[in-house]
1. What's the number of the condition H88 fails, among (1) touching a Cys at 6+ places or on another chain (Cβ under 6 Å); (2) closer than 19 Å to K206 by Cβ?
2. Surrounded by fewer than 21 Cβ atoms within 10 Å (Cβ to Cβ), within 15 Å of the chain's Cα centre (by Cα) and within 9 Å of the ligand (Cβ to nearest atom) - does that describe any residue in region 100-112?
3. Considering region 239-255 alone, what residues qualify as being of a type in the set (D, E) and surrounded by 10 or more Cβ atoms within 10 Å (Cβ to Cβ)?
4. Looking at region 47-99 only, could you name the residues that are in a strand (DSSP E or B), within 13 Å of the ligand (Cβ to nearest atom) and under 17 Å from T28 (Cα atoms)?
5. Might you check whether a residue that is outside any loop (DSSP other than H, G, I, E, B), under 10 Å from the mean Cα position of the chain (by Cα), modelled with pLDDT of 95 or more and within 8 Å of the ligand (Cβ to nearest atom) occurs anywhere in region 130-142?
6. Considering each of L152, L213 in turn, give the residue that is of a type in the set (A, V, I, L, M), in contact with a Leu (Cβ under 6 Å, 6 or more places away or on another chain), surrounded by 14 or more Cβ atoms within 10 Å (Cβ to Cβ) and more than 18 Å from E40 (Cα to Cα).
7. Check E51 against each of (1) surrounded by fewer than 17 Cβ atoms within 10 Å (Cβ to Cβ); (2) in contact with a helix residue (DSSP H, G or I) (Cβ under 9 Å, 6 or more places away or on another chain); (3) free of Cβ contacts under 8 Å to residues at least 40 places away in the same chain; (4) within 25 Å of K156 (Cα to Cα) and name the one condition it does not meet.
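The values are calculated or read from the model by the stated rules, or taken from the named source; none is laboratory data. Remember, it's a predicted structure, so these values are computed and weren't measured experimentally. Here the Cβ positions follow ideal geometry from the backbone for every residue, glycine too, while neighbour counts run over all protein chains shown. Accessible surface areas use protein heavy atoms only, side chains included; no ligands, DNA or RNA. Shrake-Rupley method; radii C 1.70, N 1.55, O 1.52, S 1.80 Å.
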Amino acid sequence: MKILVAVKRVVDYAVKVRVKPDRTGVETANVKMSMNPFCEIAVEEALRLREAGAAAEVVAATIGPAQSADTLRTALAMGADRAVHVLHDPDPARPLLPLVVAKILRAVALQEKPGLVILGKQAIDDDCNQTGQMLAGLLQWPQGTFASKVLLDKEKQKATVEREVDGGIETICLKLPAVITTDLRLNQPRYATLPNIMKAKSKVIKKVTPEDLNVDIRSDMEVTEVNEQPKRKAGVILSSVDELLDKLKNEARVL
Ligand code: AMP
């Protein structure tokens, strides 16, 4: 069985994001970019399932500009067998929406025919948390979102997924093929070792375009402006409870 893992290139989680002076988006030039942390967890889980004998091959896929190949190389250095790069240079005013990404991933899944697709639960740049759910809907496959534990039964062709919900841990059983999205506590992703980084250079990255996959990438949404968060005003120290009540009544008008 094959596992397809969707990995996204995003601004590194440790970088303080800055808005571009023309307010068309956030600054990405000369900024450290990395694999979305939830996608690293997705790659790690796919590798563990392959190492446990539950899967035979791990294929990483990304949609993005030429530089996104670095993200695929990271997945290959972690241990993925090969990769698919759907080349798309986004216009900052028209970023790819989760529905379009899901349509492209659906086309890749129909070509690759994986038994399981694993995505991050959320990309830390757009914070959408939609792609996995939309992909499962488009493919009409069962979904296990926010997985904190995954068990695969190759013989019975099913996956058991534990997911963190408000009231505790919910356990669901999915018939394969299925879509899973990863939560933070699923695993601790490995670091790529130097020999594996070298080996990854010779692994295959297949390049395609959305047109090759017959996917229409036009979207109905346009980003009109991106702004910094307003700076928080400094607080004041009050001398008595009476002064606090006075301010709540007469300044904040919340009492
Ligand atoms: P989102 O719905 O945008 O928060 O993204 C959730 C997950 O969808 C990510 O963690 C990735 O696994 C996948 N994803 C989103 N955008 C892309 C992309 N451009 N290329 C590959 N995978 C993506």
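1. (1)
2. No - not one qualifying residue is present in region 100-112.
3. If the condition is that a residue be of a type in the set (D, E) and surrounded by 10 or more Cβ atoms within 10 Å (Cβ to Cβ), then E243, D246 are the ones that fit.
4. Within region 47-99, I63, G64 meet the criteria.
5. Checked region 130-142: at least one residue is outside any loop (DSSP other than H, G, I, E, B), under 10 Å from the mean Cα position of the chain (by Cα), modelled with pLDDT of 95 or more and within 8 Å of the ligand (Cβ to nearest atom).
6. L152
7. Answer for E51: the failing condition is (2).
A quick yes/no check of all residues on (1) open to solvent by less than 80 Å² (accessible area, probe 1.4 Å); (2) within 16 Å of the ligand (Cβ to nearest atom); (3) in a strand (DSSP E or B):
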site: I172; (1), (2), (3): yes, no, yes
site: I180; (1), (2), (3): yes, yes, yes
site: Q188; (1), (2), (3): no, no, no
site: Y191; (1), (2), (3): no, no, no
site: P195; (1), (2), (3): no, no, no
